[in-house]
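The values are calculated or read from the model by the stated rules, or taken from the named source; none is laboratory data. What you are looking at is a predicted structure, and each value in this text was computed from that prediction instead of being measured. Backbone-built Cβ (ideal geometry, glycine too); neighbour counts: all protein chains shown. These area figures cover heavy atoms from the full protein model, side chains too; ligands, DNA and RNA do not enter into them. Shrake-Rupley method; radii C 1.70, N 1.55, O 1.52, S 1.80 Å.
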Amino acid sequence: MAEPFPLAPSLWATTAAPAPDTPPLAESGTADVVIVGGGLCGLSTALHLAERGIRPVVLEAREVGYGGSGRNGGQVIPGLKYDPADLVARFGRERGERLARFAGGTADVVFDLIARHGMDVPHRRAGWIQGAHTETGLAEVERRAAQWADLGAPTRVLDKAEAEQLLGTGRYRGGWLDGRGGAIQPLSYARGLARAALKAGASIHGASPVTSLERTGSGWTVTTAQGARLNAERVVLCTNGYTGGLWPDLARTVIAANSFQVATVPLSDNLRRSILPEGHVSSDTRKLLLYFRLDHTGRLLMGGRGPFREPRSPADWAHLERIVGKLFPQLDGTAFDHRWCGRVAITRDYLPHLHEPAPGLLIDIGCQGRGVGLQSAMGRAMAAYIATGDADNLPLPLTPIAPLPLHALHRLYVSAIIAWYRLSDGGIR
């Protein structure tokens, strides 16, 4: 894969709280647990392990939050791609209901962590709106809202008029509102998690790419590019959309699609009041969905799919800028001052996957575009599993690594769908 698009051009890098000091691993040593990947999952795992008195060391190839964790849209959306009834049908009543409870509580984990650790993270919890762009989509969101309401979630169905009022666009036929959702500054959140983990006793080293994992006796030896080594009883691998060849076949279990975003210049007060006036965040029912929100500086962010490859010029974001004008005609002529992208790990079944391919090696992969809440909660669950050995602490069963058949063809198919999406401006006429 080509060199990843840098983090610096993103809006989040411009407006984030300062990063904590995470120097490269300079000397060899030992740890109770080595965590590979300094994104939300790795940092949450480290924090929750340290709070249990277990000594974790995080090794990050670049800087904390460098990958999708610090580049995403900052939307905190509970749940999974599947509705509660679908999870019960797939996993059986006991495990399916348990997974639904876990998924429904992922947003709570994020906002609780921000509050408990006093993180310097701009955030707001006004709720998430999923707009329905077709009649089929409207029936889908009505079922979804009813199922989550049955589990006690604060939901309601929106008709076309109310959706237009709350979103600021008449392009949707209705939708549903989930009051559990909200918004954060994602890079500030990743850095806040890192600070909390350091304070709890974890060690974090940036610019320390791991080059090999070797089983040695009853433990593991983890080697970095600088030659420093750590010996540990356990290793946790959580690299998601930036997974390389560190463990055989792992990268071929996901499609690491590129999610592109643009941000306008700060909007005037009048324009700001005309779009998402009550502070909701939104994504829609399209297969290749659009997602948008206002940030704490008053910019409108629009996200969606871009080229599978890394971007080459501002033209790679042009479709999103056109979409902004189509969804929000009141923004015609508004300038854009940030363009960025990041990888999202998508599994074949649209569920996160947990693997334990060797004793003492735990792997989490597959964020499905809902990584803020999902990976924060997954880190807490994995820490509980590591501390107790009880697999019931995990929301999903441990499964073997299963590469996608004809992985290269899957990538070509996704690339073709994305090319149509860009040419058609997301299907918006």
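For A335 and S212, FRET efficiency with R0 = 41 Å and r from the beta-carbon atoms, rounded to 0.05?
Details: r = 47 Å, r/R0 = 1.15.
FRET efficiency, S212 to A335: 0.30.
Using each residue's phi in segment 159-173, evaluate 6.51 cos²θ - 1.76 cosθ + 1.60 at θ = phi - 60° and report the 3J(HN,Hα) Karplus result to the nearest Hz, with x for Gly and Pro.
7, 4, 5, 6, 4, 5, 5, 7, 8, x, 9, x, 7, 10, 7
Using alpha carbons only, how many degrees (0 to 90, rounded to 10) separate the axis of helix 93-104 from the longest principal axis of the chain?
70 degrees
Name the residues whose placed amide hydrogens come within less than 5 Å of the amide hydrogen of G174, ignoring near sequence neighbours (fewer than 5 apart) on the same chain.
A132
Highest mean first, how do 169-179, 109-119 rank when packing is the count of other Cβ atoms within 10 Å averaged over residues?
Details: 169-179: 21.2, 109-119: 17.4.
Result, highest mean first: 169-179, 109-119.
I want to check a number: in the chain, how many lysine pairs have alpha carbons closer than 23 Å, given a sequence separation of 8 or more or different chains?
4
Helix-only mean residue ellipticity at 222 nm, the chain, DSSP H runs n ≥ 4 weighted -39,500 (n - 2.57), per residue, nearest 500. What is it?
Values: 12 runs with 138 residues, N = 429.
Counting only the DSSP helices, I get -10000 deg cm²/dmol.
Antiparallel as a % of all DSSP beta bridges within the chain, to the nearest 5?
Working: 49 of 71 bridges.
So the antiparallel bridges amount to about 70 percent of the total.
Per q in 0.21, 0.22 1/Å, what log10 I(q)/I(0) does a Debye calculation on the alpha-carbon atoms of segment 1-119 return?
For segment 1-119 at q = 0.21, 0.22 Å⁻¹, log10 I(q)/I(0) is -1.27, -1.30.
Taking a spot 7 Å from the Cα of S424 along the direction of its beta carbon, which residues of segment 299-328 have an amide N less than 16 Å from it?
Those under the cut-off are 305-306, 319-320, 323.
Can you send over the carbon and sulfur percentage of the accessible area for the chain, probe radius 1.4 Å, protein chains only? It would help to have the intermediate numbers written out before the result.
Working: 8740 of 16860 Å².
Taking all protein chains in place, the chain shows 52 percent carbon and sulfur surface.
Determine the gain in length on full extension of the stretch I401-D108; use 0.36 nm per residue of separation and subtract their C-alpha separation, reporting nm with one decimal.
Values: separation 293, 0.36 × 293 = 105.48 nm, distance 2.99 nm.
Once the chain is fully extended between I401 and D108, it gains 102.5 nm.
Once the whole set of protein chains is in place, how much accessible area is left on D108, using a 1.4 Å probe, in Å² to the nearest 10?
60 Å²
Give, in nm to one decimal, the length gained when the segment between Y350 and E51 is fully stretched (0.36 nm per residue of separation minus the Cα-Cα distance). Mind dumping the intermediate values first?
On the way: separation 299, 0.36 × 299 = 107.64 nm, distance 3.10 nm.
Length gained between Y350 and E51: 104.5 nm.
So how much accessible area does R322 have, in Å² to the nearest 10, using a 1.4 Å probe?
Ignoring ligands and nucleic acids, R322 comes out at about 110 Å².
Among the Cys residues of the chain, which have no other cysteine Cβ under 4.7 angstrom away?
Those would be C341, C367, since no other cysteine Cβ in the chain comes under 4.7 Å of theirs.
Please work out the Cα center distance from segment 369-389 to segment 69-121, rounded to the nearest Å.
10 Å
Could you give me the ³J(HN,Hα) list for segment 208-216, computed from phi with Karplus coefficients 6.51, -1.76, 1.60 and θ = phi - 60°, whole Hz, x at Gly and Pro?
Residue by residue, segment 208-216 yields 10, x, 7, 9, 7, 10, 10, 6, 10 Hz.
Would you mind getting the Kirkwood hydrodynamic radius of the chain from its Cα pairs, rounded to one decimal in Å?
Details: mean 1/r = 0.0458 Å⁻¹.
Value: 21.8 Å, from the Cα pair sum.
From the square roots a ≥ b ≥ c of the eigenvalues of the alpha-carbon gyration tensor of segment 273-374, which class results: rounded (a/c under 1.5), prolate (a/b over b/c), or oblate?
Numbers: a/c = 2.64, a/b = 1.91, b/c = 1.38.
Cα axes put segment 273-374 in the prolate bin.
Identify the residues of segment 198-222 with backbone N under 16 Å of a label point that sits 7 angstrom from the Cα of T30 along the Cα-to-Cβ direction, or state none.
Inside the label zone: 216-222.
For a quick protection proxy, order the peptides 134-141, 344-351 by their average other-Cβ count within 10 Å, most packed first. List each step's numbers first, then the result.
On the way: 134-141: 16.2, 344-351: 18.2.
The packing order, highest mean first, is 344-351, 134-141.
Could you give the length gained by full extension between E140 and N393, i.e. 0.36 nm per residue of separation minus their alpha carbon distance, to one decimal place?
Numbers: separation 253, 0.36 × 253 = 91.08 nm, distance 3.10 nm.
That pair, E140 and N393, stretches by 88.0 nm at full extension.
Report the FRET efficiency, 1/(1 + (r/R0)^6), for R322 and A115, where r is their Cβ-Cβ distance and R0 is 41 Å, rounded to 0.05.
The calculated FRET efficiency here is 0.55.
Under 1.5 on a/c is rounded, so check that first for segment 328-423, then, if it is not, pick prolate when a/b is larger than b/c and oblate when it is not; a ≥ b ≥ c are the square roots of the alpha carbon gyration tensor eigenvalues. Don't jump to the answer; show the numbers that get you there.
Values: a/c = 3.58, a/b = 1.71, b/c = 2.10.
Since a/c reaches 1.5 but b/c is at least a/b, the shape of segment 328-423 is classed as oblate.
Rounded, prolate or oblate for segment 248-294? Axes are the square roots of the Cα gyration tensor eigenvalues, ordered a ≥ b ≥ c, and the cut-off for rounded is a/c under 1.5. Mind showing how you got there, number by number?
Details: a/c = 4.14, a/b = 2.67, b/c = 1.55.
Note, shape of segment 248-294 comes out prolate.
Pairs of alpha-carbon atoms within less than 8 angstrom and 6+ residues apart define the contacts here; what relative contact order does the chain have, in percent?
Values: 968 pairs, mean separation 102.8, N = 429.
Relative contact order for the chain comes out at 24 percent.
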